[in-house]
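Read the structure below first, then the notes.
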Amino acid sequence: GAVVSQHPSWVICKSGTSVKIECRSLDFQATTMFWYRQFPKQSLMLMATSNEGSKATYEQGVEKDKFLINHASLTLSTLTVTSAHPEDSSFYICSPAGGAGTPSSEAFFGQGTRLTVV
Amino acid sequence: QKEVEQDPGPLSVPEGAIVSLNCTYSNSAFQYFMWYRQYSRKGPELLMYTYSSGNKEDGRFTAQVDKSSKYISLFIRDSQPSDSATYLCAMSASGNQFYFGTGTSLTVIP
């Protein structure tokens, strides 16, 4: 399967600060990056879809100015949670897809980032 | 109606039991079906992958897809305490956009 590296795996930040989460696809070129959020005991909720070199498409209810996504290369995408608030505390997971060398049609995930805003 | 429905459980079984996990879906265009296992505070890891209808077996795990009923299942034989996790079903029409069930929390009691 594909190798996806996401970090940090765990971060605590103060309310009002920003946090950047990185996601790297190590062995294939990800033309598309999905970013998910998962609250405790709930499933993955798609936040946004980004394509390399273009602006991300955000799901309804997700603030694009709060969750900044950069997908400048085929192997790296970042999610920045700006002016974080306690309600942003969640588990964030990236999932790269598409592009040359994509192993198959199953989804691959990063290890996830647990964000706690205090 | 949600695209994918999955009973969240929790499900608790004794060690050695056969576990049956299920999902139903509404989109007849789905043709890629996956089961993921997710341990607490970890990203989901792919367990089983099936394309179109049919059965697939891998060790103690069997995945079944019934497209006519829009129903998929995951069976775990001889369940072990290490199988305790949340199991997510996922499906896709294009192989690019994925839809997930809510996940079923499973506990296998020694």
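The values are calculated or read from the model by the stated rules, or taken from the named source; none is laboratory data. Predicted, not measured: the structure shown is a model, and the values here were computed from it. As a convention, Cβ positions derive from the backbone with ideal geometry for all residues, glycine included, and neighbour counts pool all protein chains shown.
Any idea which of A:Ala56, A:Ala48, A:Ala30, A:Ala97 is under 30 Å from B:Glu5 (Cβ atoms), at the interface with another protein chain (Cβ under 10 Å from one of its Cβ atoms), of a type in the set (A, V, I, L, M) and crowded, with 19+ Cβ neighbours inside 10 Å? So that I can check it myself, show each step before the final result.
Numbers: A:Ala56 fails: at the interface with another protein chain (Cβ under 10 Å from one of its Cβ atoms); A:Ala48 fails: at the interface with another protein chain (Cβ under 10 Å from one of its Cβ atoms); A:Ala30 fails: at the interface with another protein chain (Cβ under 10 Å from one of its Cβ atoms).
The conditions single out A:Ala97.
If I filter region A:1-15 down to residues being in a strand (DSSP E or B) and either more than 14 Å from chain B (Cβ to nearest Cβ) or of a type in the set (A, V, I, L, M) (or both), which single residue comes out as surrounded by the fewest Cβ atoms within 10 Å (Cβ to Cβ)?
Step by step, filter region A:1-15, then rank; the result is A:Ile12.
Test B:Ser12 against the criterion of being in a strand (DSSP E or B) and either of a type in the set (Lys, Arg) or loosely packed, with under 13 Cβ neighbours inside 10 Å (or both), and give yes or no.
Details: in a strand (DSSP E or B): yes; either of a type in the set (Lys, Arg) or loosely packed, with under 13 Cβ neighbours inside 10 Å (or both): yes.
Judged against the criteria, B:Ser12 is a match.
Can you tell me which residues in region A:16-27 are under 13 Å from A:Ser73 (Cβ atoms) and away from chain B (no Cβ under 12 Å)? Spell out the reasoning first.
In the first step, residues of region A:16-27 are kept if they are under 13 Å from A:Ser73 (Cβ atoms); the result is A:22-26.
Within region A:16-27, A:Glu22, A:Arg24, A:Ser25, A:Leu26 meet the criteria.
When region B:15-44 is examined, which residues are found to be surrounded by fewer than 16 Cβ atoms within 10 Å (Cβ to Cβ) and either within 14 Å of another protein chain (Cβ to nearest Cβ) or in contact with a helix residue (DSSP H, G or I) (Cβ under 7 Å, 6 or more places away or on another chain) (or both)?
B:Glu15, B:Ala29, B:Tyr39, B:Ser40, B:Arg41 - these are the residues of region B:15-44 that are surrounded by fewer than 16 Cβ atoms within 10 Å (Cβ to Cβ) and either within 14 Å of another protein chain (Cβ to nearest Cβ) or in contact with a helix residue (DSSP H, G or I) (Cβ under 7 Å, 6 or more places away or on another chain) (or both).
If the Cβ limit is 8 Å and pairs must be 6+ apart or interchain, which residue in region B:45-69 that is within 14 Å of chain A (Cβ to nearest Cβ) and surrounded by 12 or more Cβ atoms within 10 Å (Cβ to Cβ) pairs with which residue that is among the charged types (D, E, K, R) and in a loop (DSSP other than H, G, I, E, B)?
From region B:45-69, the pairs are B:Leu46/A:Glu106; B:Tyr49/A:Glu106.
Could you tell me which numbered condition A:Lys64 fails, if it satisfies all but one of (1) in contact with a Phe, Trp or Tyr (Cβ under 7 Å, 6 or more places away or on another chain); (2) within 14 Å of chain B (Cβ to nearest Cβ); (3) modelled with pLDDT of 90 or more; (4) over 30 Å from B:Leu106 (Cβ atoms)?
(2)
Any idea which of (1) free of Cβ contacts under 8 Å to residues at least 12 places away in the same chain; (2) under 23 Å from A:Gln111 (Cα atoms); (3) in a strand (DSSP E or B) is the one B:Ser105 doesn't satisfy?
(1)
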